[in-house]
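First comes the structure, then the notes that go with it.
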Amino acid sequence: MSSLMAFKCRRSHVSGVSVITIITAALIFLNHVQMSVHTSSLASHTTRQATPATVASDVPLRCPDDMTLNVSQYSDVQHQSDYVIGSGKYTDQILILTPISNSVDRLANYFKLLCSLNYPHHLISVALGEDTSTDKTYEIASSVAKRMSPYFREIQVFHFDEQMKHVPVYSRHDPNFQLERRTHLAHARNQLLMRGLRDEDWVLWVDSDVAYVPPDLIQHLLSAKGDVVVPSCMYKNEFGASMVYDKNTWRETSESIAYLKDQPPTYLMLEGYGPTKRQYLPSLAHEGTVVDIDGVGGCTLLVRANCHRKGLNFPAFVFDNHIETEGLAKMASRMKFSVKGLPLVNVFHA
Amino acid sequence: MQYSPFNVSTGVEMDQSILVLTPISNSRNFLDQYFRLLCSLTYPHNLITIALGEDSSTDGTYQYALEMAETFAPYFRDIQVHKLDPPRVAPIPYGSRHRLNIQQIRRSHMAMARNQLLLRAMADEDWALWIDVDMVFYPATLVEHLKSTHAPIVVPNCLSSHPTMEKYFIYDRNTWRETNASRHYLEDAPEDYLQVEGYGPSRRRFLAEIIDEGLVVPLDGVGGCVLLVEGARHRDGLIFPPFVFDHHVETEGLAKMATKMNLSIAGLPFVNTVHKSS
């Protein structure tokens with residue numbers, strides 16, 4: 001009880017107490033290299049959620065050699081650029097968010113993928129959100145994160161308690177599972193967003209089972225200057241041909257709009273189960289490098305952090321006949337945010 | 001207003017953390033009273049975190065809030081002051097100037113401020129307690145009253161009084177229950193139609209009028225004077241829609257979104273709080 005007494009307020013009128021603002025400076029030793037620290041902005045006065053320091057870019061952060069991504073399977077994919085990490089006048093902070101669940105086998109490749117990005121690593125923070133795993137995903141993710149954290153601005157791993165039962169991987173594309181599965185995914189994403197986002201400028205959602213992205217993916221996505229931006233998400237079939245994986249990234253057509261007009265508000269429209277009324281992103285390539293779209297998937301999805309802060313998130317219920325990432329695109333258009341697709345930039349799902 | 005400090009509700013876990021969230025803007029004159037009220041709460045102060053979110057003030061609210069935070073920090077778990085992005089003033093197209101009335105713009109700004117504050121401040125707290133900065137009274141056992149309902153979303157009465165009259169009237173016109181008439185009316189409304197209360201006669205029943213059903217009553221719309229929301233529900237994605245969602249925005253929109261997420265909304269018609277009269 002004594003601790004409670006200590007928290008009792010002074011029973012007095014509040015007088016204008018002059019306060020000297022104390023700015024504490026911090027020195028961060030990363031990789032045994034002392035780096036200068038930018039003064040963190042006075043934007044938030046908080047003791048609990050201190051934001052990680054931004055380190056100067058004169059010493060680029062480089063992943064160890066054993067974290068090189070094997071790209072042999074994707075050697076036919078055009079590599080647009082191969083700049084040295086740290087070149088270019090980049091200032092935007094990127095937060096990479098990834099929900100994980102029973103992902104032990106994929107974690108190594110996932111971090112190799114992050115290492116392959118040539119956007120300056122000192123501007124990239126990573127947050128993983130684990131829930132409902134039946135294996136050691138959280139423990140292994142934490143240890144990998146600890147090992148890799150010197151090579152990025154920061155890596156955080158969260159565990160979330162979710163009541164939903166885990167949908168087995170082999171049946172996750174069964175249409176009957178979709179409402180439950182994607183509600184669960186929306187919960188997981190929203191929880192991760194709220195815990196992971198700090199002072200970053202952009203949020204990049206990356207699925208844990210993405211196999212390959214171009215090294216300059218972030219630069220490509222930023223160049224679109226949209227509020228929500230996605231590349232084409234493909235997969236390699238057994239003959240090595242690139243096929244459309246992400247059927248959530250589409251543009252409405254007059255046919256699909258007319259169809260939805262007659263549906264009740266609770267109707268959940270799903271893509272990827274039979275013929276579509278929409279145009280998928282890769283089929284819009286003739287319009288240019290940046291095209292307007294109406295639905296987005298979550299393979300790799302860039303969102304302006306301020307849009308998330310203003311309320312844009314992943315609806316965990318049927319919103320405008322859609323849910324989760326497609327629901328986010330619908331919510332973005334309601335909030336007058338732009339939704340852009342890059343049909344000529346390909347990422348590959350496993 | 002009668003209130004007994006000994007009338008403490010039972011069955012409330014006193015070990016759950018509370019995050020008090022308050023958007024402020026040109027609120028310098030209210031902050032003294034705001035902190036005095038928070039100090040009056042009987043709920044253990046070591047479980048209470050306070051987060052203020054300031055934007056576009058012209059009276060030095062941010063600096064003063066920092067001073068107040070410094071002064072009162074020893075008496076709570078933590079006090080944070082966040083600087084929020086100022087609202088983006090959207091130009092109104094000439095053709096839709098009648099549809100996009102000032103209420104929609106004002107409340108969508110309010111919703112975005114709340115969402116920003118939520119995203120910046122919320123960590124793993126069990127409950128989010130939204131309190132307006134210009135409240136003049138709430139009972140010391142406010143948190144216990146609200147938590148005793150065990151509902152994910154709870155609101156008390158929010159009243160106000162005219163300075164020259166001693167009579168209290170309903171201030172918060174956003175806390176209501178739908179009626180057959182209101183449901184029927186909205187059935188025929190276009191999707192982007194915004195329903196606002198407090199401008200003429202209402203088809204809804206306001207919380208203070210539902211006094212024949214007991215101490216805890218179900219509701220369909222909530223206001224933001226005092227609003228308790230389970231933290232996990234915010235983290236699942238329950239936010240304040242800054243756009244017209246089911247014909248409502250902001251706090252009422254949150255209630256509509258909660259209904260979509262199968263969450264119940266409880267009102268306490270016999271717990272009174274008082275808002276500054278406008």
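Here are some notes:
- Among A:Lys340, A:Lys89, A:Lys225, the order by Cβ neighbours within 10 angstrom, fewest to most, reads A:Lys89, A:Lys225, A:Lys340.
- Cβ-Cβ distance of A:Tyr90 and A:Asn306, R₀ of 25 Å, FRET efficiency by 1/(1 + (r/R0)^6): the value works out to about 0.85.
- Kirkwood Rh in Å, taken over the range B:18-275 so that all alpha-carbon pairs contribute: 18.9 Å
- Cross-link partners for A:Lys261 among the lysines, with Cα-Cα distance under 18 Å and sequence neighbours closer than 8 places in the same chain left out: A:Lys277, A:Lys330.
- Estimated D of the range B:204-246 in µm² per second, where Rh is the Kirkwood radius over Cα pairs and Stokes-Einstein applies at 25 °C, 0.890 mPa s: 191 µm²/s
- Restricting attention to the range B:18-275, close to 45% of DSSP beta bridges with both partner residues there are antiparallel.
- Dimensions (Å) - the range A:60-349, Cα atoms, principal axes, largest first: 55, 45, 43
- If R0 is 41 Å, the Cβ-Cβ spacing of B:Lys167 and B:Ala189 corresponds to a FRET efficiency of close to 0.75.
- Residue mean of other protein chain beta carbons inside 10 Å, B:41-54: 2
Where a number appears in this text, it was derived from the coordinates with a stated rule and is not lab data. Note that this is a predicted model, so its numbers are computed, not measured. So basically every Cβ, Gly included, is an ideal-geometry build from the backbone, and we count neighbours across all protein chains shown.
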